[in-house]
Amino acid sequence: MRCKKCVLESTERLQDSCGVVATIGKNAAEKTFMAMVGEQNRGQDSCGIITFDTETKLFYPKKGYGLVTEVFKKPGDYADLKGEYAVGHVRYPTVGSTGEPQPVETNHPMQGIVLAHNGNIANLAQLKAELRKHEFGFKTEIDAEVLLGKFVQELMRTYHDFEAITSLMNDVDGSYSVVMINGKGKLYAFRDPLGIKPLVYGEKNGTFMVASESSALQTAGINLLGDIPPGAVLVADKEGYNIKQLIEAQLNTCVFEHIYFANPQSVIDGIEVGSFRKRLGKILGARIKIEADVVMPVPFSSNPTAQGFAKSSEIPYKEGLIKNQYVGRIFIKKNDEEREMGVRLKYNIAKSVVDKKRVVVVDDSIVRGTTMKYIVKLLYEAGAKEVHVIIAMPMIIGPCFYGVNITSYTELVAHQKTAEQINHEIIQADSLHFSDISDLYEAGRTKDFCVSCLTDEYLTKEGQRLSQILKENGGKMERRPWDE
C-alpha cells in the first residue's frame, strides 16, 4: 500500500470500548470525522482515519492519540485525506495492549486493505502463533491486526472474499464488528456470529455509511437503514450494497451496550437505548419499594433509568449530582485515597437537593464499588438523611472476554458476595439494590443479550476455557490470559 505519512500524537487515556466507521461517497473523510465525533463515547484514547482515492490509487492515513477533535483540530486535518472511501476508528486500549491507533493496514492483497475493529478476540494467542508460522509480521499488539492477518491468510488460501470471511468467522473466538476497505474500491463490514458488538448501516444523498452506533450516522446526517446481522457480511461500492448471511448465527448483544456504553439516542438491534434504560428504571421502581424524597442519577448514562424509576415510584426526580466533564474516569486511580479525590473532583453535590432528604441514587453498574462508596459519603456529607442505591446492572460476578474491561474475578466486588455484604462492607448506604436479569429481558422485550458476566457462563468455548484458567489461578491475572 502506498501511503502518505501517518501522524501520531501522544496523550494518555483509559480503557473501555471502541467504535468503527466506514464511508463511501463525496467528502468521505469529513463524513467519517463527523460520525467519529458522534460515537466518541465509545473511545477517547486514540483515533484515526484512512481514506482511499480511486483516481490516484493511494491510501491517505492520519492517526493520533486523544479525542477526535484533538487529532483532527481543523478542517484541513481531514481535507487532505483524499478519496471517496474512508475507514475511521475511536479507541480505548484493551488490557495488555499498548494502545496503538487504528485503523490497521497492509499493502496486499486486493491492492491494499484497511481494517478497523470493535471487540475482543479470546483466542488471540493461538491465532497469532498460527500467523507467525506463515511468516506474518506484526507491527502492533492489537486484535485488529490479527483479524487483518487472518483475513489475508484465508484470502490467499481461498482466493474468494466471502469464503475468507466465513473461514475467519469459524476460526475466531470472541467478539468483532469489523469494517474494511480495499484498493479495488470495495467496502466490507461484518459481525461475529453472536452479534455481541453492534454494527449499523445507513445512506443519504449518495453517501453510504457503516458505524458502531446509529448516533454516529445521525451526527453525520445519514439515515439509519438497519443492523448488520450476526454472522453476515455487508459488501458495498459506489454502485450499491448487499448483505449475505455467511454462517448460522444467534444474536447476543452485549447488555452493557444498552445499560452503559451506547449513546442514549442510538438504536441497537432494534432497541432504542434511552427507552430501554427508562423502561428498566420503571421496572425497578415498581419492584423495589423505597420511601424517599428525591431520585437522582449518577450522570449521564443513568439519567433515563433514574427518570423511569422516579416516574414508577412517584418520587420526584432531581439532578443532585453535578458532573465535572473535564475530569477523566476515576477507575484508573491506584488506591482508595486517589479514588476518593477523583470522585470529589468529578462530582459536586447540589446541597439544596439532598439536605435533610431521603435520597435514591441510581447508577448503571458496580464493579469494584469504590466509586459508589465515595458518592454515598459525599451525599451524607451534604446532609442527606438517608441514601438508597439502585444499580441498573445486575451483580457482575464474572470477567468479560468479549470486550468489556473486566479481566479478573478478584476485581469484582460482587464475586462471592451478596448485595447485603457489599453494602455493609463497602458502600455503607441505607440500602443497596441491583436489577435482575429478568428485568433486563423485560426492559429489552427480548432475551437476545450476552449476559456472561452476570451468570459466569460463557457463550464460546474459549470463554469457558479462560474462565476456568482464571479460577485455577485464584481469579486474578497480571495480563490477559489470551495474550502471549
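Values in this text are rule-based calculations from the coordinates and carry no lab data. It should be emphasised that the depicted structure is a prediction, and the values quoted were computed from it without experimental measurement. No Cβ is skipped: glycine too gets one built from the backbone with ideal geometry, and neighbour counts run over all protein chains shown.
In the chain, the DSSP-assigned H stretches of four residues or longer account for a calculated mean residue ellipticity at 222 nm of -8500 deg cm²/dmol, using -39500 (n - 2.57) per stretch and the full residue count as denominator. The charge dipole of the stretch 11-150, taken about the Cα centre with unit charges on the Cβ atoms of Lys, Arg (+1) and Asp, Glu (-1), comes to about 100 debye, rounded to the nearest 20. Rounded, prolate or oblate for the chain? Axes are the square roots of the Cα gyration tensor eigenvalues, ordered a ≥ b ≥ c, and the cut-off for rounded is a/c under 1.5. Taking the square roots of the gyration eigenvalues as a ≥ b ≥ c, the chain is prolate.
Between ALA125 and GLN325, the simple spin-label model (points 7 angstrom out along Cα→Cβ) gives 4.2 nm. Dipole orientation for the stretch 18-251: of the candidates TYR241, PRO230, LEU131, TYR241 has the Cα lying most toward the positive pole (charges on Cβ; Lys, Arg +1; Asp, Glu -1). Around the Cα centre of the chain, unit charges on the Cβ atoms of Lys, Arg, Asp and Glu (plus for the first two, minus for the last two) sum to a dipole of about 840 debye. Only Cα pairs under 8 Å and 6+ residues apart enter the sum, and on that basis the relative contact order of the chain stands at 13 percent. For a test of the definition: using alpha carbon positions, the gyration tensor, and the 1.5 limit on a/c, classify the stretch 18-251 as rounded, prolate or oblate. Judged from the Cα gyration tensor, the stretch 18-251 comes out rounded (a/c under 1.5). Among the GluC sites (Glu not before Pro) found in the stretch 185-270, those both in a DSSP coil and sparsely packed, with 15 or fewer other Cβ atoms within 10 Å of their Cβ, are GLU239, GLU248. Selection among VAL172, GLY48, LEU251 by position relative to the dipole of the stretch 18-251 gives GLY48 as farthest towards the positive end (Cβ unit charges, Cα centre).
Rounded to the nearest 5, the antiparallel percentage of DSSP beta bridges internal to the chain is 80%. Cα gyration tensor of the stretch 150-242, axes a ≥ b ≥ c as square roots of the eigenvalues: rounded (a/c below 1.5), prolate (a/b > b/c) or oblate? Here the stretch 150-242 falls in the oblate category.
Contact order for the stretch 18-251, expressed relative to its length and based on alpha carbon pairs under 8 Å spaced 6+ residues apart, stands at 22 percent. Given +1 at the Cβ of Lys and Arg, -1 at the Cβ of Asp and Glu and no other charges, the dipole of the stretch 275-445 around its Cα centre is 460 debye to the nearest 20. Restriction of the trypsin sites (Lys or Arg not before Pro) in the stretch 349-390 to DSSP coil positions whose beta-carbon has at most 11 other beta-carbons within 10 angstrom yields LYS356. Along the chain, the longest continuous region that contains none of the chymotrypsin sites (Phe, Trp or Tyr not before Pro) in a DSSP loop with at most 12 other C-beta atoms within 10 Å is 160-325.
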